[in-house]
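The values are calculated or read from the model by the stated rules, or taken from the named source; none is laboratory data. Computed from a predicted structure; not experimentally measured. Please note: Cβ atoms are built from the backbone with ideal geometry, for glycine as well, and neighbour counts cover all protein chains shown. Side chains included, ligands, DNA and RNA excluded: accessible areas come from the protein's heavy atoms. Shrake-Rupley method; radii C 1.70, N 1.55, O 1.52, S 1.80 Å.
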Amino acid sequence: MTRMASSEIDALTQALARLPGLGPRSARRAVLHLLKKREAALGPLLRALEVVSEKLATCSTCGNVDTSDPCQICADPRRDTRMLCVVEEVADLWALDRSRLFPGRYHVLGGRLSALEGVRPEDLAIDTLIQRVGAGGIEEVVLAMNATLEGQTTAHYLAERLEKFPIRLTQLAHGLPVGGELDYLDEGTLAQALRARRPVS
Ligand SMILES: [Zn+2]
């Protein structure tokens, strides 16, 4: 069988094809572009990958993934330290922060409670959340779980654990599509859900 490309180029194509949102066809197009634009595209991509790979860190305060610990958000003095938004995954944090409507900081749980998948409270960053809130200075905690059954179970559990603190506990407004994952929502919908957040009942 004749091959169109060397095994090295094949390996690159396959690696790209495994990325979310790509696929064999997009990967081939991307590789072809990189090969044709070595100076303008391949070089900068290679350097960016190297730098990020070298500096990759998980923020020990909030669980965000960044190139520094504390992350950019936790280190930013303009952030309102009185507001904390709790999310399931880093992708949710990024989605919410893209909306630029939340002035506070975040806390990434690293998943959601799931009896089916055997995810228990101790598997998530819940103790560190309780510690952060317990340390004081936080006036509002926004529970920004996904509108899935497991997301809502998690929000319920957190509401119980946080009940004892003198804080305002809110959650994203309805209007989130049921089963909706934050990361897939357009920014307008997400911004609306955040703006119209309501107290946890
Ligand atoms: Zn952080």
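With the structure loaded, tell me whether L12 is surrounded by 16 or more Cβ atoms within 10 Å (Cβ to Cβ), touching a strand residue (DSSP E or B) at 6+ places or on another chain (Cβ under 8 Å) and part of a helix (DSSP H, G or I) or whether it fails that test.
In short, no.
Just the residues that are within 26 Å of Y184 (Cβ to Cβ) and of a type in the set (A, V, I, L, M, F, W, C), please, taken from the range 8-46.
A15, L16, A17, L19, L22, A27, A30, L45, listed by residue number.
Before we move on, is L22 away from the ligand (no atom under 14 Å from the Cβ) and in a loop (DSSP other than H, G, I, E, B)?
The answer is yes for L22.
Just give me the residues in the range 158-183 being open to solvent by 60 Å² or more (accessible area, probe 1.4 Å) and either of a type in the set (S, T, N, Q) or at pLDDT 90 or above (or both), in sequence order.
E160, R161, E163, K164, P166, R168
Being touching a residue at least 40 places away in the same chain (Cβ under 8 Å) and either more than 21 Å from I126 (Cβ to Cβ) or surrounded by 13 or more Cβ atoms within 10 Å (Cβ to Cβ) (or both): is that true of R18 here?
So R18 fails the test.
Output the residues belonging to the range 70-126 that are over 21 Å from L149 (Cβ atoms) and of a type in the set (D, E, K, R).
D76, R78, R79, D80, R82, D97, R98, R100, R105
Output the number of the condition that D186 fails; it satisfies all remaining conditions of (1) at pLDDT below 95; (2) open to solvent by less than 50 Å² (accessible area, probe 1.4 Å).
Just one mismatch for D186, condition (2).
Looking at D92, D66 in this structure, which one is of a type in the set (D, E, K, R) and touching a residue at least 24 places away in the same chain (Cβ under 8 Å)?
Criteria check complete, one pass: D92.
Evaluate the following for R105: is it within 9 Å of the ligand (Cβ to nearest atom), within 14 Å of the chain's Cα centre (by Cα) and among the basic types (K, R)?
Spelling it out, R105 is indeed within 9 Å of the ligand (Cβ to nearest atom), within 14 Å of the chain's Cα centre (by Cα) and among the basic types (K, R).
Here's a check for you: in the range 70-100, which residue that is in a loop (DSSP other than H, G, I, E, B) and surrounded by 15 or more Cβ atoms within 10 Å (Cβ to Cβ) is nearest to the ligand (Cβ to nearest atom)?
The residue in question is C71.
Mind listing just one residue for me: the one in the range 108-122 that is away from the ligand (no atom under 16 Å from the Cβ) and surrounded by 15 or more Cβ atoms within 10 Å (Cβ to Cβ) and, of those, farthest from A196 (Cα to Cα)?
Result: V119.
Can you tell me which of (1) farther than 24 Å from R132 by Cβ; (2) free of Cβ contacts under 8 Å to residues at least 24 places away in the same chain; (3) open to solvent by less than 100 Å² (accessible area, probe 1.4 Å) is the one L35 doesn't meet?
(2)
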